[in-house]
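What follows is a set of notes on a single structure, which appears directly below.
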Amino acid sequence: MRATRWIACAAVVVALLAGCSDSGEDEENPGAKDGKRTGPSPSAEATPPGTQLEVPALYDTGRGWESTEEGTQLPLPRTGAVAVYWERPGEGGADEYGFTVLDAETGEKRWSSVPVSPLESTNLPYIRATVDGKEYLALWSSGTTDDDAINRGKEIVAIDIFPADSSGDGVRPVHVEVDGEGKVRDGGAGLLVQSGDDTVVAVDPATGDTTEYRVNDQDPPADCPECDSSWQVKGLTDDGLLIGTSIDIDYNGFWVPGGLTAADLRPKGVDPEEPSRVQVISDDLLVVDWGQERNSDAIVWSAVDSSSGKTLATVRCEGDTTTGDHHLSANGRYLAHGGRVFDLEEGTGVCFERTDSTNAVEFQLATDEGVVYGNAIGSGGFISSEQPVQLDMRTGKIEEFDDVTIDFPFGDTAGFGLFWDEASRTMVAYPHAS
């Protein structure tokens, strides 16, 4: 049995720009003091995996599966799967890269890709992207093609895209080539190839179709006609590029040419002169830091649907801003973002930032049940410490684990938590306890 204890008065459940705090125990919390729970779980085998880890009480270690597939594990929450990104020596040539995708419930192989080699002697960075609710895996490289002793060839960016819901062995990618040098990233509503300072190419991962945008040809927002002198492409929406300004002009907003602007979305109580910063989370989800609220030290954050322009949730955060990664639960309801967690269905959120009386929390993963895992970051002089915690978004209460070596999942989908055991180099999946 694992002992836990509550952190009192640390969570603040916030409705739209309204906050409150609470403390006490919650009997419905999946990580309550009762320790691990047992019971049937759909599709879980009734035999324990050989790898037994110390995990939160949400998971039943008495059932599940494990895999020693070599590579980098990439959870695919919308697909209910996990990909293993592998590398192997090529036969007399460049190294080869590819994916093997396992079912998250059973551990059985769903599909594997053909091997892909980079254009030149380099590695192949991978990208996970979600577009129109469907997940994709992509590999890309840049270099020269069609060159020989006489011909210099041409510079291109090559992208190989695999739908995450493929099946069978030897799955072939959608292959895309974009002229010129550049880098590829997940832009939100598609892949983006940054080709030079003033040109970006959007790639539809479903078809491989490309759309070229000249940044200098994009219309600036009506309230900032001089914005065309200093801007950056932040991402891609269904309506076109998401553009924000650099820091060397007065306007610190963002916009989609001919579409939404920061002015359209700014919450009440936020000074229009405050700089706003936007981050693309997925194909239709943005997070905006609106800056400081009027007559307050609080920073206002919003989660926004980029397709409709609707604000899904807003939260006021006291204290220093916590940086960190973002993680969206498989059902799309809960978003962990640094020291903040949003409930996109209820329009609420919580903040755990560093203040004079509290430590910050960096959240790492959100489950469909609203259980969110992370670490409270303490500091003493030049030494910082991490204390594992879990938050229940249904109550706003957070609890601290006495066991600082507890293993958190790197993914959670289809009712299973996905864990990595470094000692045995094994991936293990445990079902949610009933």
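Taking the conditions exactly as written (surrounded by fewer than 22 Cβ atoms within 10 Å (Cβ to Cβ) and either of a type in the set (A, V, I, L, M) or under 22 Å from the mean Cα position of the chain (by Cα) (or both)), does ASP289 satisfy them or not?
yes
Please enumerate the residues belonging to the range 366-380 that are of a type in the set (S, T, N, Q) and surrounded by fewer than 24 Cβ atoms within 10 Å (Cβ to Cβ).
ASN375, SER379
Could you please give the count of residues in the range 101-128 that are in a strand (DSSP E or B) and either touching a Phe, Trp or Tyr at 6+ places or on another chain (Cβ under 6 Å) or open to solvent by 10 Å² or more (accessible area, probe 1.4 Å) (or both)?
Of the residues in the range 101-128, 10 are in a strand (DSSP E or B) and either touching a Phe, Trp or Tyr at 6+ places or on another chain (Cβ under 6 Å) or open to solvent by 10 Å² or more (accessible area, probe 1.4 Å) (or both).
In the range 398-434, what residues are surrounded by fewer than 24 Cβ atoms within 10 Å (Cβ to Cβ) and of a type in the set (D, E, K, R)?
Scanning the range 398-434 gives GLU399, GLU400, ASP402, ASP403, ASP407, ASP421, GLU422, ARG425.
When only residues in the range 247-292 that are touching a Lys or Arg at 6+ places or on another chain (Cβ under 7 Å) and in contact (Cβ under 8 Å) with a residue 60 or more places away in the chain count, which is nearest to VAL315 (Cα to Cα)?
By that ranking, first place goes to GLY269.
Checking THR358 against (1) part of a strand (DSSP E or B); (2) farther than 29 Å from LEU241 by Cβ, which test does it fail?
So the condition that THR358 fails would be (1).
Does GLN390 satisfy the criteria of being open to solvent by 10 Å² or more (accessible area, probe 1.4 Å) and either over 27 Å from GLY50 (Cβ atoms) or in contact with a Phe, Trp or Tyr (Cβ under 7 Å, 6 or more places away or on another chain) (or both)?
no
Of everything in the range 131-186, what is assigned to a loop (DSSP other than H, G, I, E, B), touching an Asp or Glu at 6+ places or on another chain (Cβ under 8 Å) and open to solvent by 70 Å² or more (accessible area, probe 1.4 Å)? Give them in sequence order.
We begin by selecting, within the range 131-186, every residue assigned to a loop (DSSP other than H, G, I, E, B); these are 132-133, 146-153, 164-167, 172-173, 180-182.
Imposing the further condition that a residue be touching an Asp or Glu at 6+ places or on another chain (Cβ under 8 Å) reduces the set to 132-133, 153, 164-165, 173, 180-181.
Correct list: ASP132, ASP165, GLU181.
Six or more apart or on different chains, Cβ atoms under 9 Å: show the pairs whose first residue is in the range 297-308 and under 15 Å from GLY235 (Cα atoms) and touching a residue at least 60 places away in the same chain (Cβ under 8 Å) and whose second is open to solvent by less than 30 Å² (accessible area, probe 1.4 Å) and of a type in the set (S, T, N, Q).
Pairs found: SER306/THR237; SER307/THR237.
Just wondering, is there one or more residues in the range 224-235 that are over 20 Å from GLU120 (Cβ atoms) and of a type in the set (Lys, Arg)?
Scanning the range 224-235 turns up at least one residue that is over 20 Å from GLU120 (Cβ atoms) and of a type in the set (Lys, Arg).
Yes or no: SER384 surrounded by fewer than 17 Cβ atoms within 10 Å (Cβ to Cβ) and modelled with pLDDT under 95?
yes
I'd like the residue in the range 46-100 that is buried (at least 17 other Cβ atoms within 10 Å of the Cβ) and polar (S, T, N, Q) and, out of all such residues, is nearest to VAL171 (Cα to Cα).
Going through the qualifying residues, I end up with THR100.
Go through the range 295-352 and tell me which strands (runs of 3 or more DSSP E), entirely inside it, have 1 or more residues that are small (Gly, Ala, Ser). Walk me through how you get there before you give the answer.
Working: elements: 299-305, 311-317, 326-328, 334-337, 340-343, 348-351.
In the range 295-352, 299-305, 311-317, 334-337, 348-351 are the strands (runs of 3 or more DSSP E) which contain 1 or more residues that are small (Gly, Ala, Ser).
The values are calculated or read from the model by the stated rules, or taken from the named source; none is laboratory data. The shown structure was predicted, so the numbers you read here are calculated from the model rather than taken from an experiment. Because the Cβ atoms are built from the backbone with ideal geometry, glycine has one as well, and the counts that use them run over all protein chains shown. The area values use the complete protein model at the heavy-atom level, side chains included, leaving out ligands, DNA and RNA. Shrake-Rupley method; radii C 1.70, N 1.55, O 1.52, S 1.80 Å.
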